[in-house]
Amino acid sequence: MKIDRDAPIGVFDSGVGGLTVAREIMRNLPSEKIVYFGDTARVPYGSKSKDTVIRYSRQIIHFLEEQQVKAIVIACNTASAFALDAVKDELDIPVLGVIEAGAKVAAKETRNKRVGVIGTLGTVGSGIHEAYLKQLDPEITVIGKACPLFVPLVEEGWLHDPVTTEIVSRYLQELKDKEIDTLILGCTHYPLIRSTIREVMGEGVRLVNPAYETALQLKALLAEMDISSSGTGEEDFPYRFYVSDLADEFKDFANSILPYDVSMAKKIDIEKY
(Lines give C-alpha, C1' and ligand atoms only; values in the text may rest on other atoms or scores of the structure.)
Protein backbone atom coordinates (compact mmCIF):
# COMPACT_ATOMS: atom_id res chain seq x y z
CA MET A 1 0.00 0.00 0.00
CA LYS A 2 1.37 3.39 -0.99
CA ILE A 3 1.21 5.95 1.81
CA ASP A 4 0.47 9.60 0.95
CA ARG A 5 3.35 11.60 2.42
CA ASP A 6 1.18 14.73 2.75
CA ALA A 7 -1.56 12.95 4.72
CA PRO A 8 -1.88 13.95 8.41
CA ILE A 9 -0.59 12.11 11.46
CA GLY A 10 -3.26 10.70 13.76
CA VAL A 11 -2.69 11.29 17.47
CA PHE A 12 -5.04 9.99 20.16
CA ASP A 13 -5.33 9.99 23.92
CA SER A 14 -7.90 9.33 26.63
CA GLY A 15 -8.32 13.10 26.98
CA VAL A 16 -6.10 16.17 27.02
CA GLY A 17 -2.78 14.65 28.16
CA GLY A 18 -1.83 13.61 24.63
CA LEU A 19 -1.74 17.29 23.70
CA THR A 20 1.77 17.29 25.20
CA VAL A 21 2.71 14.81 22.46
CA ALA A 22 0.92 16.87 19.78
CA ARG A 23 2.81 19.94 21.07
CA GLU A 24 6.18 18.19 20.61
CA ILE A 25 5.19 17.04 17.10
CA MET A 26 4.23 20.63 16.22
CA ARG A 27 7.59 21.89 17.49
CA ASN A 28 9.81 19.18 16.03
CA LEU A 29 7.94 18.33 12.81
CA PRO A 30 6.46 21.72 11.84
CA SER A 31 5.48 20.72 8.30
CA GLU A 32 3.36 17.74 9.42
CA LYS A 33 -0.43 17.97 9.71
CA ILE A 34 -2.18 16.43 12.73
CA VAL A 35 -5.62 14.96 13.42
CA TYR A 36 -6.02 14.71 17.20
CA PHE A 37 -8.71 12.73 19.01
CA GLY A 38 -9.28 13.05 22.77
CA ASP A 39 -11.64 10.50 24.32
CA THR A 40 -12.99 13.02 26.83
CA ALA A 41 -16.24 11.10 27.40
CA ARG A 42 -14.46 7.98 28.62
CA VAL A 43 -11.40 9.38 30.38
CA PRO A 44 -9.54 8.12 32.42
CA TYR A 45 -8.13 4.96 30.85
CA GLY A 46 -5.74 4.28 33.73
CA SER A 47 -8.39 2.59 35.86
CA LYS A 48 -10.02 0.60 33.01
CA SER A 49 -9.41 -3.06 32.12
CA LYS A 50 -7.08 -4.08 29.31
CA ASP A 51 -9.97 -5.39 27.16
CA THR A 52 -11.86 -2.13 27.50
CA VAL A 53 -8.82 -0.01 26.56
CA ILE A 54 -8.18 -2.22 23.51
CA ARG A 55 -11.82 -1.85 22.40
CA TYR A 56 -11.70 1.96 22.83
CA SER A 57 -8.39 2.14 20.96
CA ARG A 58 -9.75 0.14 18.01
CA GLN A 59 -12.77 2.45 17.72
CA ILE A 60 -10.53 5.53 17.69
CA ILE A 61 -8.15 3.98 15.16
CA HIS A 62 -11.13 3.26 12.84
CA PHE A 63 -12.10 6.93 13.11
CA LEU A 64 -8.53 8.07 12.37
CA GLU A 65 -8.30 5.72 9.38
CA GLU A 66 -11.43 7.44 8.02
CA GLN A 67 -9.48 10.70 8.28
CA GLN A 68 -6.87 9.05 6.01
CA VAL A 69 -3.91 9.48 8.34
CA LYS A 70 -0.49 8.17 7.28
CA ALA A 71 0.70 7.15 10.77
CA ILE A 72 -0.80 6.92 14.26
CA VAL A 73 0.71 7.92 17.59
CA ILE A 74 -0.98 6.41 20.64
CA ALA A 75 -0.32 9.41 22.88
CA CYS A 76 -1.52 7.67 26.01
CA ASN A 77 0.68 5.46 28.17
CA THR A 78 -2.16 3.20 29.29
CA ALA A 79 -3.33 2.60 25.71
CA SER A 80 0.30 2.12 24.61
CA ALA A 81 0.75 -0.46 27.38
CA PHE A 82 -2.49 -2.34 26.73
CA ALA A 83 -3.38 -1.87 23.06
CA LEU A 84 -0.27 -1.21 20.93
CA ASP A 85 0.67 -4.87 20.42
CA ALA A 86 -2.97 -5.82 19.83
CA VAL A 87 -3.55 -3.25 17.06
CA LYS A 88 -0.25 -2.70 15.27
CA ASP A 89 -0.48 -5.82 13.11
CA GLU A 90 -4.03 -4.92 12.07
CA LEU A 91 -2.89 -1.70 10.36
CA ASP A 92 -1.28 -0.93 6.99
CA ILE A 93 0.28 2.24 8.39
CA PRO A 94 2.93 2.65 11.12
CA VAL A 95 1.74 3.04 14.71
CA LEU A 96 3.86 4.25 17.64
CA GLY A 97 3.26 4.24 21.37
CA VAL A 98 4.84 6.58 23.91
CA ILE A 99 6.59 4.01 26.09
CA GLU A 100 9.48 2.64 24.07
CA ALA A 101 11.12 5.98 23.23
CA GLY A 102 11.16 7.12 26.88
CA ALA A 103 12.51 3.77 28.10
CA LYS A 104 15.41 3.94 25.63
CA VAL A 105 16.47 7.37 26.84
CA ALA A 106 16.14 6.38 30.52
CA ALA A 107 18.29 3.27 30.00
CA LYS A 108 20.95 5.41 28.34
CA GLU A 109 20.85 8.20 30.94
CA THR A 110 20.82 6.32 34.26
CA ARG A 111 24.17 6.12 36.03
CA ASN A 112 23.22 4.16 39.17
CA LYS A 113 20.79 1.91 37.23
CA ARG A 114 17.85 2.89 39.44
CA VAL A 115 15.00 4.19 37.30
CA GLY A 116 11.65 5.45 38.60
CA VAL A 117 8.43 5.33 36.59
CA ILE A 118 5.34 7.32 37.54
CA GLY A 119 2.02 6.84 35.76
CA THR A 120 -1.58 5.74 36.11
CA LEU A 121 -2.55 2.55 37.95
CA GLY A 122 -3.00 0.82 34.57
CA THR A 123 0.40 1.81 33.19
CA VAL A 124 2.40 1.08 36.35
CA GLY A 125 0.44 -2.13 36.98
CA SER A 126 1.17 -3.39 33.45
CA GLY A 127 4.92 -3.48 34.18
CA ILE A 128 5.59 -2.51 30.56
CA HIS A 129 8.28 0.09 31.28
CA GLU A 130 10.09 -2.41 33.45
CA ALA A 131 9.93 -5.04 30.69
CA TYR A 132 11.37 -2.61 28.11
CA LEU A 133 14.09 -1.36 30.46
CA LYS A 134 15.13 -4.89 31.49
CA GLN A 135 15.42 -5.84 27.80
CA LEU A 136 17.73 -2.87 27.24
CA ASP A 137 19.77 -3.45 30.41
CA PRO A 138 19.00 -6.38 32.75
CA GLU A 139 20.91 -4.66 35.56
CA ILE A 140 18.43 -1.79 35.83
CA THR A 141 16.17 -1.73 38.89
CA VAL A 142 12.79 -0.19 38.09
CA ILE A 143 10.69 1.39 40.83
CA GLY A 144 7.12 2.13 39.71
CA LYS A 145 4.73 4.46 41.50
CA ALA A 146 1.12 5.07 40.49
CA CYS A 147 0.12 8.72 40.97
CA PRO A 148 -3.62 8.75 40.20
CA LEU A 149 -4.26 12.26 41.53
CA PHE A 150 -1.88 13.96 39.07
CA VAL A 151 -4.29 13.76 36.11
CA PRO A 152 -7.26 15.52 37.80
CA LEU A 153 -4.90 18.20 39.16
CA VAL A 154 -3.59 18.89 35.65
CA GLU A 155 -7.09 18.88 34.14
CA GLU A 156 -8.21 21.30 36.85
CA GLY A 157 -5.39 23.59 35.68
CA TRP A 158 -3.64 23.53 39.08
CA LEU A 159 -0.20 23.36 37.48
CA HIS A 160 1.53 25.69 39.97
CA ASP A 161 -0.41 25.29 43.18
CA PRO A 162 0.58 24.48 46.78
CA VAL A 163 -1.88 21.56 46.76
CA THR A 164 -0.14 20.06 43.72
CA THR A 165 3.28 20.51 45.33
CA GLU A 166 2.06 18.76 48.48
CA ILE A 167 0.60 15.79 46.56
CA VAL A 168 3.68 15.47 44.34
CA SER A 169 5.88 15.45 47.46
CA ARG A 170 3.84 12.71 49.10
CA TYR A 171 3.78 10.46 46.02
CA LEU A 172 7.45 10.89 45.16
CA GLN A 173 8.99 10.56 48.62
CA GLU A 174 9.22 6.79 48.13
CA LEU A 175 11.20 7.25 44.89
CA LYS A 176 13.54 9.70 46.62
CA ASP A 177 14.08 7.20 49.45
CA LYS A 178 15.02 4.55 46.88
CA GLU A 179 17.65 6.87 45.36
CA ILE A 180 16.58 6.78 41.72
CA ASP A 181 18.65 9.00 39.41
CA THR A 182 16.28 8.92 36.41
CA LEU A 183 12.49 9.35 36.38
CA ILE A 184 10.20 8.55 33.46
CA LEU A 185 7.09 10.77 33.33
CA GLY A 186 4.95 7.78 32.34
CA CYS A 187 1.73 9.67 31.65
CA THR A 188 1.31 12.36 29.01
CA HIS A 189 -0.28 14.74 31.54
CA TYR A 190 2.80 14.79 33.73
CA PRO A 191 5.07 17.07 31.64
CA LEU A 192 2.61 19.84 32.49
CA ILE A 193 3.67 19.63 36.16
CA ARG A 194 7.28 18.94 35.31
CA SER A 195 8.58 22.03 37.14
CA THR A 196 6.91 20.86 40.39
CA ILE A 197 8.27 17.32 39.92
CA ARG A 198 11.72 18.80 39.25
CA GLU A 199 11.50 20.90 42.42
CA VAL A 200 10.52 17.88 44.54
CA MET A 201 13.03 15.41 43.04
CA GLY A 202 15.96 17.84 42.90
CA GLU A 203 18.44 18.65 40.15
CA GLY A 204 20.27 15.32 40.52
CA VAL A 205 17.42 13.31 39.00
CA ARG A 206 17.07 13.28 35.20
CA LEU A 207 13.41 13.64 34.13
CA VAL A 208 12.51 11.83 30.92
CA ASN A 209 9.61 13.33 28.95
CA PRO A 210 8.36 10.58 26.58
CA ALA A 211 6.28 13.14 24.63
CA TYR A 212 9.47 14.78 23.32
CA GLU A 213 11.24 11.46 22.71
CA THR A 214 8.22 10.08 20.84
CA ALA A 215 8.16 13.10 18.50
CA LEU A 216 11.83 12.44 17.67
CA GLN A 217 11.09 8.72 17.13
CA LEU A 218 8.20 9.66 14.80
CA LYS A 219 10.46 12.03 12.85
CA ALA A 220 13.05 9.26 12.35
CA LEU A 221 10.37 6.72 11.35
CA LEU A 222 8.78 9.02 8.73
CA ALA A 223 12.22 9.74 7.26
CA GLU A 224 13.12 6.05 7.19
CA MET A 225 9.86 5.14 5.42
CA ASP A 226 10.27 8.16 3.12
CA ILE A 227 6.84 9.53 4.05
CA SER A 228 7.85 12.84 5.68
CA SER A 229 5.62 15.69 4.53
CA SER A 230 6.84 17.53 1.43
CA GLY A 231 5.84 20.73 3.23
CA THR A 232 4.10 22.13 0.17
CA GLY A 233 0.55 23.41 0.12
CA GLU A 234 0.10 25.82 3.01
CA GLU A 235 -3.04 24.90 4.93
CA ASP A 236 -5.24 27.25 6.89
CA PHE A 237 -6.04 24.44 9.34
CA PRO A 238 -3.09 22.03 9.56
CA TYR A 239 -4.30 20.74 12.94
CA ARG A 240 -7.78 19.28 13.48
CA PHE A 241 -9.16 18.34 16.89
CA TYR A 242 -11.96 15.90 17.71
CA VAL A 243 -13.35 14.78 21.06
CA SER A 244 -16.03 12.43 22.36
CA ASP A 245 -17.41 15.07 24.80
CA LEU A 246 -16.83 18.50 26.39
CA ALA A 247 -15.52 20.20 23.26
CA ASP A 248 -15.38 23.72 24.73
CA GLU A 249 -13.46 22.65 27.84
CA PHE A 250 -11.05 20.71 25.62
CA LYS A 251 -10.52 23.74 23.38
CA ASP A 252 -9.78 26.01 26.35
CA PHE A 253 -7.26 23.54 27.76
CA ALA A 254 -5.62 23.04 24.34
CA ASN A 255 -5.21 26.78 23.92
CA SER A 256 -3.51 27.02 27.31
CA ILE A 257 -0.70 24.63 26.30
CA LEU A 258 -0.33 24.53 22.49
CA PRO A 259 1.77 26.92 20.37
CA TYR A 260 -1.21 27.15 18.00
CA ASP A 261 -4.59 28.82 18.27
CA VAL A 262 -7.28 26.11 18.40
CA SER A 263 -10.44 27.70 17.05
CA MET A 264 -12.63 24.62 17.47
CA ALA A 265 -12.78 21.03 18.63
CA LYS A 266 -15.48 18.92 17.04
CA LYS A 267 -17.47 16.42 19.09
CA ILE A 268 -18.11 13.05 17.43
CA ASP A 269 -19.91 9.88 18.47
CA ILE A 270 -16.98 7.48 18.87
CA GLU A 271 -19.27 4.56 19.77
CA LYS A 272 -20.31 4.41 16.10
CA TYR A 273 -16.85 3.17 15.11
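The values are calculated or read from the model by the stated rules, or taken from the named source; none is laboratory data. Since the structure is predicted, the reported quantities are computational estimates derived from the model, not experimental observations. Here the Cβ positions follow ideal geometry from the backbone for every residue, glycine too, while neighbour counts run over all protein chains shown. Remember, those area values only see protein heavy atoms, side chains included, never the ligands or the DNA or RNA. Shrake-Rupley method; radii C 1.70, N 1.55, O 1.52, S 1.80 Å.
Backbone amide hydrogens, once placed in the peptide plane, bring ILE143 within less than 5 Å of VAL115, GLY116, VAL117, excluding anything fewer than 5 places away on its chain.
Against the main long axis of the alpha-carbon atoms of the chain, helix 100-109 sits at an angle near 40°.
Springs between Cα atoms under 10 Å define the GNM used for the chain, and in it the highest mean-square fluctuation of GLY18, GLY97, GLY204 occurs at GLY204. Of the residues PRO238, HIS189, ILE128, the one whose Cα sits farthest towards the positive end of the charge dipole of the chain is ILE128 (charges of +1 on Lys and Arg Cβ, -1 on Asp and Glu Cβ, taken about the Cα centre). Free of any GluC sites (Glu not before Pro) that DSSP assigns to a loop and that have at most 13 other C-beta atoms within 10 Å, the longest stretch within the chain is 1-89. Dipole size of segment 129-273 about its Cα centre, with +1 on Lys/Arg Cβ and -1 on Asp/Glu Cβ: approximately 200 debye, rounded to the nearest 20.
A cut-off of 5 Å between modelled amide H atoms, ignoring neighbours fewer than 5 places along the same chain, links LEU207 with LEU183. Take the chain with all the other protein chains still there, run a 1.4 Å probe, and you get 44 Å² of accessible area per residue.
Over segment 64-119, the pair-distance histogram of Cα-Cα distances with 10 Å bins from zero comes to 20, 43, 24, 11, 1 percent, rounded to whole numbers. Under the convention that each Lys and Arg Cβ holds +1 and each Asp and Glu Cβ holds -1, the size of the dipole of the chain around its Cα centre is about 560 debye.
Remark on ALA71: its backbone amide H falls under 5 Å from those of GLY10, a criterion applied only to residues 5 or more positions apart or on other chains, H modelled at 1.01 Å from N.
Quick one: with all protein chains in place, what share of the accessible area of segment 100-210 is carbon or sulfur, to the nearest percent (1.4 Å probe)? The computed percentage sits at 50.
Can you compute the label reach from ASP269? Point 7 Å from Cα along the Cβ direction, backbone N cut-off under 20 Å, restricted to segment 1-41. Under cut-off, by backbone N: 37-41.
Could you let me know the centre-to-centre spacing of segment 123-165 and segment 1-20, using Cα atoms, in angstrom? Rounded to whole Å, the Cα centres lie 24 Å apart.
Label-to-label distance, GLU174 versus LYS113, with points set 7 angstrom from Cα along the beta-carbon direction: 2.4 nm. Three principal axis extents of segment 100-210 based on alpha-carbon atoms, in descending order, are 38, 27, 20 Å. Each listed q (0.15, 0.17, 0.22 Å⁻¹) maps to a log10 I(q)/I(0) for segment 141-273, found by the Debye formula over equal Cα scatterers with no solvent: -0.95, -1.08, -1.30. Rounded to the nearest 500, the helix-only mean residue ellipticity at 222 nm of the chain stands at -13500 deg cm²/dmol, with each DSSP H run of n ≥ 4 adding -39,500 (n - 2.57). Against the longest principal axis of the chain, how steep is helix 162-177, in degrees 0 to 90 to the nearest 10, with axes from Cα atoms? The answer is roughly 60 degrees.
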